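J.: The structure's right below; bear with me while I get my questions together.
The values are calculated or read from the model by the stated rules, or taken from the named source; none is laboratory data. None of the values given here were measured: they were computed from a predicted structure. When we count neighbours, we look across all protein chains shown, and the Cβ atoms used for this are built from the backbone with ideal geometry, even at glycine.
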Amino acid sequence: MADFDAAYFDARYGGDYERRNPVRKLRYYLDAVRDLRPSGRLLDVGCAYGLFLAEARKHYEVTGADVSQHAVERARALLPGTQIIQAGIEDLSPGERFDVITCFDVLEHVADLDNAFAKLTGLLREDGVLALTVPVYDSPAGVLVGLLDRDETHLWKKNRDFWRTMMTTKGFSLVRDEGLWRYALGKYYLFWGGRRWRNLSPAILLIGARS
């Protein structure tokens, strides 16, 4: 298993995790989820430093989980009193089920996707929803990103149809499918998304309802 320590986060996010995860991006993800499940219990898998949880807890009862001890310590410092579990997907057992599970830029790092989806499905209530983001490598922009991608923990460099099919064959009805553009340019971070980009962008947001 990769060691997602402080050095990894510094390398992955240029030493500025917060700037690479601005509030406007987090709220975009949150609004997409709230369109389907506006309240309830939410589990953020791969919560990193807890920035998304900080927004989500305004509307949900939240729990976070991350495999990284470094990330969990940062999240707990940001969100005292919030349950933050140190665990990978395969080891998750929070003792409850959730209305929403979010999994942002996580699954491309997980070796056993079948087991991961089985675990996530088991943690969802019968009418729950799963939201995920992943990089994709099949559009011209995605091909370029793939050439520049030096993250050795990215085990799945797949196209968008791979992830769409994964969702639908693992028991989810795909209800939201959007493209995402995410770029760090010097001191600026550019972010936008939407359905019109679903077949062009270098990353996607998928939301599935248990079927």
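J.: Only one of these conditions is not met by Leu147: (1) over 16 Å from the mean Cα position of the chain (by Cα); (2) at pLDDT 90 or above; (3) farther than 22 Å from Asn21 by Cβ; (4) in a helix (DSSP H, G or I). Which number is it?
T.: Among (1) over 16 Å from the mean Cα position of the chain (by Cα); (2) at pLDDT 90 or above; (3) farther than 22 Å from Asn21 by Cβ; (4) in a helix (DSSP H, G or I), the lone unmet condition for Leu147 is (2).
J.: Still on this structure: Within the group Arg19, Arg37, which residue is assigned to a loop (DSSP other than H, G, I, E, B), in contact with a strand residue (DSSP E or B) (Cβ under 6 Å, 6 or more places away or on another chain) and charged (D, E, K, R)?
T.: After applying the criteria, what remains is Arg37.
J.: Next up: Which one of these does Val72 not meet: (1) more than 21 Å from Thr133 (Cα to Cα); (2) surrounded by 19 or more Cβ atoms within 10 Å (Cβ to Cβ); (3) not hydroxyl-bearing (Ser, Thr, Tyr)?
T.: Every condition holds for Val72 apart from (1).
J.: Please go through the stretch 121-144 and pick out each residue that is assigned to a helix (DSSP H, G or I), out of contact with any helix residue (DSSP H, G or I) (no Cβ under 9 Å at 6 or more places or on another chain) and either of a type in the set (Gly, Ala, Ser) or surrounded by fewer than 18 Cβ atoms within 10 Å (Cβ to Cβ) (or both).
T.: Correct list: Thr121, Gly122, Pro140, Ala141, Val143, Leu144.
J.: Return the residue satisfying two criteria in turn: it lies in the stretch 41-98 and is acidic (Asp, Glu) and within 22 Å of Ala118 (Cα to Cα), and of such residues it is nearest to the chain's Cα centre (by Cα).
T.: The extreme case among them is Asp44.
J.: Right, another one. It is to be established whether one or more residues within the stretch 56-68 are on the phi > 0 side of the Ramachandran plot, of a type in the set (Gly, Ala, Ser), at pLDDT 95 or above and crowded, with 18+ Cβ neighbours inside 10 Å.
T.: no
J.: What pairs come up if the first residue lies in the stretch 191-211 and is farther than 29 Å from Glu18 by Cβ, the second is part of a loop (DSSP other than H, G, I, E, B) and hydrophobic (A, V, I, L, M, F, W, C), and their beta carbons are under 8 Å apart, counting only those six or more places apart or on different chains?
T.: If the second residue must be part of a loop (DSSP other than H, G, I, E, B) and hydrophobic (A, V, I, L, M, F, W, C), the pairs left are Ala209/Leu36.
J.: Moving to a separate point now. Taking only the stretch 152-197 into account, find how many residues are surrounded by fewer than 19 Cβ atoms within 10 Å (Cβ to Cβ), modelled with pLDDT of 95 or more, under 17 Å from the mean Cα position of the chain (by Cα) and of a type in the set (Lys, Arg).
T.: Of the residues in the stretch 152-197, 2 are surrounded by fewer than 19 Cβ atoms within 10 Å (Cβ to Cβ), modelled with pLDDT of 95 or more, under 17 Å from the mean Cα position of the chain (by Cα) and of a type in the set (Lys, Arg).
J.: Additional query: Please identify the pairs in which a residue from the stretch 79-93 that is hydroxyl-bearing (Ser, Thr, Tyr) has its Cβ atom under 7 Å from the Cβ atom of a residue that is part of a loop (DSSP other than H, G, I, E, B), counting only partners at least 6 apart or on another chain.
T.: Going by the 7 Å Cβ cut-off, the qualifying pairs are Thr82/Arg57.
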